[in-house]
Amino acid sequence: MNNFNKSVIVLHAHPDDTEAFSAGMLKLLADRGYRITIVTLTAGGLGGMSGNREKTIAIRKEEARNAAAVLNADYYCLNQKDGYAYDNAEMRIAFTNLIRKVKAGIVISHLPVDYHPDHRVASHIAEASALVASLPNVPCEEAHLEITPLFYHSATIDLSDPMGEKLTEPHFYLDITSVIETKVEMLSYHLSQIDLMKHMHKMDNFFELMKAYNEKLGKTIGVKYAEVYWQHLGGGFQKEALIQNELKEFIHKNRI
Ligand SMILES: [Zn+2]
């Protein structure tokens, strides 16, 4: 059995993605002694109604920092442009550097078949960065890890791929009923998103919608609130079911 550090690093595209898709799991892991690091690829500069991208970026970084603080988590931004995110060597090296800095045992990102182009880019960067985290020849400041971290994927609010096809069944459902208030608290720091969602998606209450999404997933497994995950089991990654074992009592419909 390999030994993975109790350190989780998450790369999502925008501020509030981590809170929306993974806060429940992160809270459960933090309560079990895991160090959490939240990274966003962009600062979500398009996600504001002020008409000023710089102002929006400053607001959203502050919101993300405050939300991360709920889990005593550090927050980093890779400062790519919201809506125009690219996968490139600079981004991969920057994220590998962070993986090494926090000595991550677990990396979490979006699904490679997520509906949002920025999410797909973040997922590719996370995968490529994690894959080489243990290789000494990668041009990083931080020393290489002893072992490639485990890699997991979170789901979006819409469980379908970019073509609208239903995604494969998640590898497991996670009962987050006991930590839903923490998730709501973290989301509540993203006040800028309420006006935006009203304008963009005609959603009256963004936070309630996120909760309703977790409620819908919960119904599938007979609990109040749930999140869903896949583990990256392709070549190059270790396959230990670490999170599934660590959070055993919260896992349902585990199919790996
Ligand atoms: Zn997003």
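The numbers here are math on the coordinates, done by the rules we state, and not lab data. For clarity, every value in this text was computed on a predicted model and none was experimentally measured. As a convention, Cβ positions derive from the backbone with ideal geometry for all residues, glycine included, and neighbour counts pool all protein chains shown.
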Under the 0.36 nm per residue contour assumption, what length would be gained going from the current alpha-carbon distance of Met200 and Asn137 to full extension? 18.2 nm
Cα-based equivalent ellipsoid of the chain: semi-axis lengths in Å, sorted from largest, via gyration tensor: 26, 23, 17
Per residue of the chain, what 222 nm ellipticity follows from adding -39500 (n - 2.57) for every DSSP H run with n ≥ 4, rounded to the nearest 500? -12000 deg cm²/dmol
Rounded to the nearest 0.05, what FRET efficiency do Arg255 and Lys166 give with R0 = 22 Å and r taken as the Cβ-Cβ distance? Could you check? 0.90
Given backbone amide H placed at 1.01 Å from N, residues whose amide H is under 5 Å from that of His171, ignoring those fewer than 5 places away on the same chain, are Tyr229, Trp230, Gln231
Percentage relative contact order, the chain, counting C-alpha pairs under 8 Å, at least six apart: 23
